[in-house]
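Below is one structure, written out as structure tokens, with a few remarks after it.
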Amino acid sequence: MKTLYVSDLDGTLLTPDSRVSARSAEILSHLSAQGALITVATARTPATVEPLLADVNSTLPAIVMTGASLWDRKEKRYVDTRFIDADTSRIVRETASRYAVDPFTYTLGDNGILEIYRNGVIAPCDRKFIDERSNLPLKHFHIDTPQGDDYALPRTVLFFAMGNPDRIFPLADELRATTQCSVSSYIDIFGDDTAVLEVLAPGLSKADSVKKIARQYDADRIVAFGDNLNDLSMMKIADVAVAVGNARDEVKEVADTIIGTNTEDSVARFIADDFNAMQ
């Protein structure tokens, strides 16, 4: 039996200071060398995934942008990216504007670089988000540009916003009701007073991409690890759903097992124990 192990990053595999510990990297690299199928599923883009996984020698594609694309870690390129059509993009932007939400619009250039547009008021959480990523390769930010006023930018992959839950959650509900987009909204690592919105092309999720990789590598068993609401889709289709000890209660409720927190190398240790038991 071949098992595919898929872990979320933030709050799950990553430590609270947003890194893969040296011990976890060592364990995962050793297991990968032994033939374990290990990858990640994250809302992050390759611009931050690559440096985070620099010491993890797994060659499987990474699921990025919550399933909007796969990232080939060997070839350093996007694979199987799905775009939001122009009419739907226009609806998303128009609806967001009625809720006073200015999303980041992620577009993917032919050169493999993410071009990210953001017009409007820049809140402190937006500024922090931009500043921490502005000097990374593989993505460029365009702030308050004429292109950012275009509600139907070509090759749009993702709309991403942070803001007051009183605006983000009703906006998400309306987008679910009026479009066929895949919409996620949740309280995330930015703080309890900040909600996150992710809007993808129809039918996309972490679960969809996990199943795709499982088929590609002939895995007949899936073990998924998570901590937050956007992990639920892949945990629900997994044969074994694992929540870290610091996960939200909603995630723990669907988990088959609950392990230690993300301060204890818990994901890597569980994979090692499970992989060795299956041999």
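The values are calculated or read from the model by the stated rules, or taken from the named source; none is laboratory data. Predicted model, so just to flag it, every value in this text is computed and none were measured. Methodologically, a virtual Cβ is constructed for each residue, glycine included, from the backbone with ideal geometry; neighbour enumeration extends over all protein chains shown.
Annotations
- Within the stretch 32-51, the set of residues being touching a Leu at 6+ places or on another chain (Cβ under 7 Å) and under 30 Å from residue 161 (Cβ atoms) comprises 39, 40, 42, 44, 45, 46, 47, 48.
- Hey, residue 217 among the hydroxyl-bearing types (Ser, Thr, Tyr) and not assigned by TED's automatic domain parsing to the domain that holds residue 157 or not: yes
- Contact map, the stretch 90-110: first residue under 18 Å from residue 64 (Cα atoms), second residue among the polar types (S, T, N, Q) and crowded, with 21+ Cβ neighbours inside 10 Å, Cβ cut-off under 9 Å, separation 6 or more or different chains; pairs are 105/89; 105/156; 106/45; 106/156; 107/156; 108/69; 108/156.
- Positions within the stretch 78-89 being under 19 Å from residue 66 (Cβ atoms) and acidic (Asp, Glu), in sequence order: 80, 85
- Extreme residue, farthest from residue 76 (Cα to Cα), among residues of the stretch 91-135 that are surrounded by fewer than 15 Cβ atoms within 10 Å (Cβ to Cβ) and among the charged types (D, E, K, R): 98
- Per the conditions (1) surrounded by fewer than 19 Cβ atoms within 10 Å (Cβ to Cβ); (2) more than 27 Å from residue 129 (Cα to Cα); (3) in contact (Cβ under 8 Å) with a residue 12 or more places away in the chain, the sole criterion not satisfied by residue 214 is (1).
- Filter pass, residue 170 being part of a loop (DSSP other than H, G, I, E, B) and surrounded by fewer than 16 Cβ atoms within 10 Å (Cβ to Cβ): no
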